[in-house]
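**Q** Dropping the structure in here first, questions after.
The values are calculated or read from the model by the stated rules, or taken from the named source; none is laboratory data. Remember, predicted model here, so these are calculated numbers, not experimental data. With ideal geometry, Cβ positions are generated from the backbone for all residues, glycine too; neighbour counts draw on all protein chains shown. For accessibility, only protein heavy atoms count, side chains too; no ligands or nucleic acids. Shrake-Rupley method; radii C 1.70, N 1.55, O 1.52, S 1.80 Å.
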Amino acid sequence: MIGLTALSCSSRYTATQSKSEWLYLGIPVDEEHPDTKFRLDSYVPQGKYWRVSRLRHVTKDQYERDIASGHMLFRDQHSGTQFYATELRGDFSRIGGIREWVTILERKAFP
């Protein structure tokens, strides 16, 4: 009976997990860090990025520009799609009108 209960709990957990999307860099494609309950993968330096964007699909021209720039980070292939990230640095407004130079990790996918 205990084994059956454990199996039942395990099956429910797996079903819940399979509903969730594939995680790219540790967070769902339609969420962004830090506004998520998920954590970035351990190989992504969390202290370096002010924000990690939601996933954005790019055109072939944008993809080829990113390849040519040589600044593609964290490349991963999943279900025929090439996932990668680029860094965007800039002076963005933060809390209370204070502006800071920050780095945003933009998550992208092609096609």
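**Q** Identify, please: which residue in region 77-93 is among the charged types (D, E, K, R) and touching a residue at least 12 places away in the same chain (Cβ under 8 Å) and is, among those, surrounded by the fewest Cβ atoms within 10 Å (Cβ to Cβ)? Give the steps one after another, and end with the answer.
**A** Our first condition is that a residue be among the charged types (D, E, K, R); within region 77-93, this holds for 87, 89, 91.
So of that shortlist, the ones also touching a residue at least 12 places away in the same chain (Cβ under 8 Å) come out as 87, 89.
Numbers: E87: 12, R89: 10.
Looking at the filtered set, the residue picked out is R89.
**Q** Go through region 65-103 and give me each residue that's β-branched (V, I, T) and out of contact with any strand residue (DSSP E or B) (no Cβ under 6 Å at 6 or more places or on another chain). Steps first, please.
**A** The first filter runs over region 65-103 and keeps only residues β-branched (V, I, T), leaving 67, 81, 86, 95, 98, 102-103.
Of everything in region 65-103, those that are β-branched (V, I, T) and out of contact with any strand residue (DSSP E or B) (no Cβ under 6 Å at 6 or more places or on another chain) turn out to be I67, I95, I98.
**Q** Let me ask something else about it. What number of residues in region 53-76 are open to solvent by less than 100 Å² (accessible area, probe 1.4 Å) and touching a Ser or Thr at 6+ places or on another chain (Cβ under 9 Å)?
**A** Of the residues in region 53-76, 4 are open to solvent by less than 100 Å² (accessible area, probe 1.4 Å) and touching a Ser or Thr at 6+ places or on another chain (Cβ under 9 Å).
**Q** Right, another one. How about region 65-111: which strands (runs of 3 or more DSSP E) wholly inside it have at least 3 residues that are closer than 12 Å to Y49 by Cβ and among the hydrophobic types (A, V, I, L, M, F, W, C)?
**A** Numbers: elements: 73-78, 81-93, 99-110.
Where strands (runs of 3 or more DSSP E) fall fully within region 65-111 and carry at least 3 residues being closer than 12 Å to Y49 by Cβ and among the hydrophobic types (A, V, I, L, M, F, W, C), they are 99-110.
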